[in-house]
Amino acid sequence: MDIKNFRDLTLIEISDDTIFVISCDSCGGVGEKSEDIVNTSVDIVGYFTAKVALAEILAVGARPITLVDTLSVEMNDTGKRILEGVKRALGEINIDQDIAVTGSTEENFHTIQTGIGVTVIGVMHKDDFRKTVAEDGAVIVVAGEPLMGQEILENSDKIVSLNDILTLKQASEVLEILPVGSKGILNELKTMAKDAGLEFTLNQDIGIDINKSAGPASCIILAVRPECVDNIKQSVSIPVNEIGRFLGGKK
């Protein structure tokens, strides 16, 4: 059995032609308990934590088959409401009936701060992994905007959805997708370029903060064929910004 890491994913080869793709995300101090730093409904916490892990799976083209939630709260009623948000994320991409959901809660101790972890296992054909990657001349596009904390709750029209990721993944003009998290757009862009053996140049007037945290994957980076950028802008309703271009051949 071959096991390796790729970016934030773990890949496990389970047969000659099939691999498991595993992603995870966590969130702490956000919720409704007395010591939470950001106060918001816990179903929103469940939704966005699940969304991050699912986004990583969908971005590489894997099909989610299992979701594990590890909740550092009691089941009644905080855990139940977190799970409502998790199931909402699954329902958004119509897989809530096709995926096994399991997990654990904290029933031994009274908790005063919300904590949640989500792990998603996906499956895909081995030959489909990294079938397309960023290439020389591809335009660097950001769909959605980098947002975090309270901004997430106030700017839903600027956040990339799981459906957006599915739509863009299926577009032949999109060469690669990479969700952006707390490390920001520039950090993730460097990762995408390095993995493809490319350099990149940035536009002078980008219009978004490429160093800012994107919180729970509020935006994604796309490598797009130059002639198709307008099509990408029309395929989703969120903000889409061209920020640069990839240069150089693969190593």
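The values are calculated or read from the model by the stated rules, or taken from the named source; none is laboratory data. In this text, all values refer to a predicted model and were calculated from it rather than measured experimentally. FYI the Cβ positions are ideal-geometry reconstructions off the backbone, even for glycines, and counts take in every protein chain you see. We work out accessible area using only protein heavy atoms, side chains counted, and drop any ligands, DNA or RNA first. Shrake-Rupley method; radii C 1.70, N 1.55, O 1.52, S 1.80 Å.
Would a scan of the range 51-60 turn up a residue that is assigned to a strand (DSSP E or B) and among the charged types (D, E, K, R)? Scanning the range 51-60, I find no residue that is assigned to a strand (DSSP E or B) and among the charged types (D, E, K, R), so the answer is no. Within the range 1-12, residues that are in contact (Cβ under 8 Å) with a residue 60 or more places away in the chain have Cβ atoms under 6 Å from residues that are open to solvent by 100 Å² or more (accessible area, probe 1.4 Å) in these pairs: Leu11/Lys4, counting only partners at least 6 apart in sequence or on another chain.
Annotation: of all residues in the range 176-190 being over 16 Å from Lys233 (Cβ atoms) and not in a helix (DSSP H, G or I), the one that is most open to solvent (accessible area, probe 1.4 Å) is Lys183. When the range 14-26 is filtered for residues that are open to solvent by less than 80 Å² (accessible area, probe 1.4 Å) and at pLDDT below 95, the ones remaining, listed by number, are Ile14, Ser15, Asp17.
The single condition from (1) of a type in the set (Val, Ile, Thr); (2) closer than 29 Å to Arg130 by Cα; (3) open to solvent by 40 Å² or more (accessible area, probe 1.4 Å); (4) part of a helix (DSSP H, G or I) that Ile44 fails is (2). Pro146 satisfies every condition listed in (1) closer than 24 Å to Ile116 by Cβ; (2) open to solvent by 20 Å² or more (accessible area, probe 1.4 Å); (3) in contact with an Asp or Glu (Cβ under 8 Å, 6 or more places away or on another chain) except (2). All of Glu106, Glu84, Glu74 fail the test of being open to solvent by 70 Å² or more (accessible area, probe 1.4 Å), modelled with pLDDT of 95 or more and either within 30 Å of Glu227 (Cα to Cα) or over 18 Å from the mean Cα position of the chain (by Cα) (or both), apart from Glu84.
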